[in-house]
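The values are calculated or read from the model by the stated rules, or taken from the named source; none is laboratory data. Please read all numbers here as calculations on a predicted model, not as lab measurements. Virtual Cβ from ideal backbone geometry, glycine too; neighbours counted across all protein chains shown. Please note that ligands, DNA and RNA were not included when accessible areas were found on the heavy atoms of the full protein model with its side chains. Shrake-Rupley method; radii C 1.70, N 1.55, O 1.52, S 1.80 Å.
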Amino acid sequence: QVQLVESGGGLVQAGGSLRLSCAASGRPFSPNVMGWYRQAPGKQRELVAGVTTGGSTSYADSVKDRFTISRDNVKNTVNLQMDSLKPEDTAVYYCNYKMTRSGENYWGQGTQVSVSK
């Protein structure tokens, strides 16, 4: 079992920055993928960015060159640096932890990110 605790959401003006953090506790296993998803009202949850244990990253096209994902394998944390935020980035952001071999999938409770015009 893995527990995920997120922090760092909030309200920011367009063009501003926020940093999300997520800490995994319990019995995290390698290899795994840690990432961030988001869900805006009336829309499906979508992948924002992910990073493997080995450090390979992937991003949604809509956030490339604006968001940066990073992780610390010792502390079992993942961060999402969000720059040049746009109103369309407004959503609840969820931390995700997926064990690559077993497929076990865990979610954080979600943190609200709101970007005003």
Stretchable slack from residue 39 to residue 13, in nm (0.36 nm times residue separation minus alpha-carbon distance)
7.4 nm
On a full-extension model of 0.36 nm per residue, what is the gain between residue 30 and residue 47, subtracting their alpha-carbon distance, rounded to one decimal in nm?
4.0 nm
Over the chain, what portion of Cα pair distances is larger than 23 Å, expressed as a whole percent?
23 percent
Could you name the aspartates and glutamates in cross-link range of residue 86, using Cα to Cα under 15 Å and dropping any fewer than eight places away on the same chain?
61, 65
Using θ = phi - 60° and the Karplus relation 6.51 cos²θ - 1.76 cosθ + 1.60, list the HN-Hα couplings for the range 7-21 in order, rounded to whole Hz, with x at every Gly or Pro.
7, x, x, x, 10, 9, 7, 4, x, x, 10, 9, 10, 9, 10
Which aspartates and glutamates have a Cα lying under 19 Å from the Cα of residue 117, excluding residues fewer than 8 positions away in the same chain?
83, 88, 89
Cα-based reach from residue 98 at 26 Å (exclusive), listing lysines while leaving out same-chain residues under 8 positions away
43, 64, 75
State log₁₀ I(q)/I(0) for the range 76-117 at q = 0.13, 0.15, 0.19, 0.26 Å⁻¹ as given by the Debye formula over alpha-carbon point scatterers of equal weight, solvent excluded.
-0.39, -0.49, -0.69, -0.96
Apply 1/(1 + (r/R0)^6) to the Cβ-Cβ distance of residue 66 and residue 100, taking R0 = 30 Å, and write down the FRET efficiency to the nearest 0.05.
0.65
Determine the order of 80, 11 by accessible area, beginning with the largest, at a probe radius of 1.4 Å.
11, 80
What order do 117, 43 take when sorted by accessible area (1.4 Å probe), most exposed first?
117, 43
Counting only protein heavy atoms and using a 1.4 Å probe, what share of the accessible area of the chain belongs to carbon plus sulfur, as a whole percent?
48 percent
Counting only protein heavy atoms and leaving out ligands, DNA and RNA, the solvent-accessible surface of residue 83 at a 1.4 Å probe, in Å² to the nearest 10, equals 50 Å²
